[in-house]
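What follows is one structure encoded as structure tokens, with my remarks underneath.
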Amino acid sequence: MVDLHVFLKAVPDPRSRRGRWYSLTSILLVCAAAAVSGARTIDELAEWGARADTGLLATLGVRRHLLHWRHAPSRSAIGRVLERLNADALDAAVGAWLAHRRTAVTAAPGRRRVIAVDGKALRGSARPGQPRRHLLSAVTHGCPVTLAQAEVGSKTNETRHFQPLLAPLDLDGDVVTFDALHTVKANVAWLAETKKAHYVP
């Protein structure tokens, strides 16, 4: 979690500067640690934080009060942040962290990454009167790591999100796979000429 902190600093804080006690990165790290431990709801995230010892909270960046107590963020504090957070920025930060970790472990001269671009409906995201949310993702083959992810309005809108999704990634020499939906001239030419990547539709 320590190096994740560096990447989470890129996520914009949706809160006013006044009245902040917890940094955004500390709240997100508490949520990440809780989620890895099995928490799935805001209540469970807050409960995990309430049970964490002060040493762990310090590692996650939670400040110590002048009276020497150190408490995890409350349910309401977590809820307010997650409700207003820029989800695309968080996806980008976590994806960059995962890509960094994978590169540090598996990088080898001449080794070529294979990356799949695919869209999926997000299970459990449907609400009364609203369809399920749909995400377009770039995920590595083999050891799966999500390098980039963006929400798209519907499955028919995926093609116009193809280039913005991959634009921040260094794809030089990589192989990108995707559905026939994305095999439009503009996309494949951009991959080959601008990103210097190979592709398999």
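The values are calculated or read from the model by the stated rules, or taken from the named source; none is laboratory data. Just so we're clear, the structure is a prediction, and the values are computed from it rather than from any experiment. Here Cβ is always computed from backbone atoms with ideal geometry, including for glycine, and neighbour counts include all displayed protein chains. Note: accessible area is taken over every heavy atom of the protein model, side chains too, but ligands, DNA and RNA are not part of it. Shrake-Rupley method; radii C 1.70, N 1.55, O 1.52, S 1.80 Å.
Take the conditions in a helix (DSSP H, G or I) and of a type in the set (V, I, T) and apply them to T159. Does it pass?
On the way: in a helix (DSSP H, G or I): yes; of a type in the set (V, I, T): yes.
The answer is yes for T159.
Can you tell me which residue within the range 10-26, out of those that are without any contact (Cβ under 8 Å) to a residue 40 or more places away in the chain and open to solvent by 70 Å² or more (accessible area, probe 1.4 Å), is nearest to N86 (Cα to Cα)?
Going through the qualifying residues, I end up with S16.
For P12, which of the numbered conditions (1) closer than 22 Å to L98 by Cα; (2) part of a helix (DSSP H, G or I) fails to hold?
(2)
Looking at this structure, is V176 at pLDDT 85 or above and open to solvent by less than 50 Å² (accessible area, probe 1.4 Å)? Outline the logic, then answer.
Values: at pLDDT 85 or above: yes; open to solvent by less than 50 Å² (accessible area, probe 1.4 Å): yes.
For V176, the condition - at pLDDT 85 or above and open to solvent by less than 50 Å² (accessible area, probe 1.4 Å) - is met.
Just to be sure, is K185 modelled with pLDDT of 80 or more, on the phi > 0 side of the Ramachandran plot and surrounded by fewer than 13 Cβ atoms within 10 Å (Cβ to Cβ)? Lay out the reasoning, then the answer.
Values: modelled with pLDDT of 80 or more: yes; on the phi > 0 side of the Ramachandran plot: no; surrounded by fewer than 13 Cβ atoms within 10 Å (Cβ to Cβ): yes.
When the stated conditions are applied, K185 does not pass them.
Suppose we keep only residues that are touching a Leu at 6+ places or on another chain (Cβ under 7 Å) and over 14 Å from L82 (Cβ atoms) within the range 27-66. Which one would you say is surrounded by the most Cβ atoms within 10 Å (Cβ to Cβ)?
Of everything passing the filter in the range 27-66, L60 is surrounded by the most Cβ atoms within 10 Å (Cβ to Cβ).
Return only the number of the condition from (1) under 23 Å from D91 (Cβ atoms); (2) part of a loop (DSSP other than H, G, I, E, B); (3) not β-branched (V, I, T) that P164 does not satisfy.
So the condition that P164 fails would be (2).
Can you tell me which condition A192 does not meet? The list is (1) within 30 Å of D3 (Cβ to Cβ); (2) at pLDDT 90 or above; (3) open to solvent by less than 60 Å² (accessible area, probe 1.4 Å), and all the others hold.
Here A192 clears every test but (1).
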